[in-house]
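First up is the structure itself, then whatever we jot down about it.
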Amino acid sequence: MKIVADDKIPYIQPALQALADEVVFKAGKEITSSDVRDADILVVRTRTCCDRRLLKNSSVRLVVTATIGYDHFDTKWLEKAGILWANCPGCNATSVAQYVRNSLFALQQDRDFVLTNATVGIVGVGHVGTAVLHALRQAGVRRILLNDPPREVASDPAPESLCWSPIETLQAEADVITLHTPLMMQGAFKTYHLVNAAFFDSLQRTPVLINTARGGIVDEVALCHALDNSLIREAIIDTWEHEPQVRRSLLQKAYLSTPHIAGYSADGKANATRMALEHICNFLGQPMTFDIHPPTLPAEFHLTGTPDEQALQLYDPRRDSQQLKMRPESFEQLRGNYPLRREECSFFAH
């Protein structure tokens, strides 16, 4: 049994070595067809495109991504080739929610903005969007608009007994619009460049725009134009259309510019690793016996002040933004060497 794995998946190395005779760890973007030719299982993150070019003539029978998104998988080809695939839905949902909420807490400190007075529109209400909804409710946001056409068409009820709102309602009434959809390049629910020049021109308020989903959902040229012409108030950008390259003009214009780390809490990473191992164990017909826990914070770490201030002491996204704005060429290094970050529930549990 041979497993090839991205070398930046945390806490997974001992478990994979216990499961396989041979384990090869490589940087995700450097995994090649020769690496996987005689492998049985491939474990990746978003930087490895799993398609015909990589996997044709390989012995791989299972591909697992330790991420929520799977747009780096050619799922149709994988299924046609008889290769099983799996992702980890919801693994870092509360981490992204922490990022969104704390970004708005930071904005409240730095600008004339009051979160509890804001109407927030959430576009995409799956695992992540629902976690954002709950985090903002706990932060005191009273009016939240939910937009999710696929769920609405499927007659899924909206969370918290709310109603689904058309995107036009968000454009007319939202003070904050936060994006949590998958990247769909075509089809009835296409999201590629969902936020484009026409979207910005249809805004009736000047909202804060947050993108922690996928870079291609936002047309970055149109976003720069919207910022230059005050069509939106601020931009908080964690995902970029051509990452790891970032549009330098947008990098500096945005209030927060971060290197695709919204879901990078240690808790979210541990969840992803645990779920990935569950997929592998199920494939191998073995029980899942691995106990995956992230490191604890230093014993001397203490929180003080108001709940908002405590939240930012635990995680302040302005630090990540400052790092990327100072060193935009270090996008991948900042992701690959991300410091320990914990979520509130885990901190208080310890």
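The values are calculated or read from the model by the stated rules, or taken from the named source; none is laboratory data. Just so it is clear, the structure is predicted and the values come from calculations on it, not from any experiment. Cβ atoms come from the backbone with ideal geometry, glycine included; neighbour counts cover every protein chain shown.
Which of (1) closer than 19 Å to residue 223 by Cα; (2) within 23 Å of the chain's Cα centre (by Cα); (3) in a helix (DSSP H, G or I) is the odd one out, the single condition residue 192 does not satisfy?
Here residue 192 clears every test but (3).
Give the residue that is surrounded by the most Cβ atoms within 10 Å (Cβ to Cβ), with candidates limited to residues of segment 301-331 that are in a helix (DSSP H, G or I) and of a type in the set (S, T, N, Q).
The selected residue is 321.
Considering only residues that are surrounded by fewer than 16 Cβ atoms within 10 Å (Cβ to Cβ) and touching a Phe, Trp or Tyr at 6+ places or on another chain (Cβ under 8 Å), which ones fall in segment 62-78?
Within segment 62-78, just 75 meets the criteria.
Taking interchain pairs and intrachain pairs at least six residues apart, which have beta carbon atoms under 6 angstrom, with the first residue in segment 130-159 and in the same structural domain as residue 106 (by TED's automatic domain parsing) and without any contact (Cβ under 8 Å) to a residue 24 or more places away in the chain and the second crowded, with 17+ Cβ neighbours inside 10 Å and part of a strand (DSSP E or B)?
Note: pairs meeting the criteria are 152/164.
Here are 278, 241: which of them is within 24 Å of residue 45 (Cα to Cα) and touching an Asp or Glu at 6+ places or on another chain (Cβ under 8 Å)?
241
Residue check: is residue 76 within 22 Å of the chain's Cα centre (by Cα) and assigned to a helix (DSSP H, G or I)?
no
Kindly establish whether residue 103 is in contact with a strand residue (DSSP E or B) (Cβ under 7 Å, 6 or more places away or on another chain), in a helix (DSSP H, G or I) and crowded, with 24+ Cβ neighbours inside 10 Å.
Yes, satisfied.
Residue 244 - would you say it is over 23 Å from residue 177 (Cβ atoms), touching a residue at least 60 places away in the same chain (Cβ under 8 Å), surrounded by fewer than 22 Cβ atoms within 10 Å (Cβ to Cβ) and not aromatic (Phe, Trp, Tyr)?
Criteria met by residue 244.
Can you confirm whether segment 271-278 contains a residue that is in the same structural domain as residue 113 (by TED's automatic domain parsing) and surrounded by fewer than 20 Cβ atoms within 10 Å (Cβ to Cβ)?
Scanning segment 271-278 turns up no residue that is in the same structural domain as residue 113 (by TED's automatic domain parsing) and surrounded by fewer than 20 Cβ atoms within 10 Å (Cβ to Cβ).
What number of residues within segment 152-165 are buried (at least 17 other Cβ atoms within 10 Å of the Cβ) and under 13 Å from residue 188 (Cβ atoms)?
Residues in segment 152-165 being buried (at least 17 other Cβ atoms within 10 Å of the Cβ) and under 13 Å from residue 188 (Cβ atoms): 1 in total.
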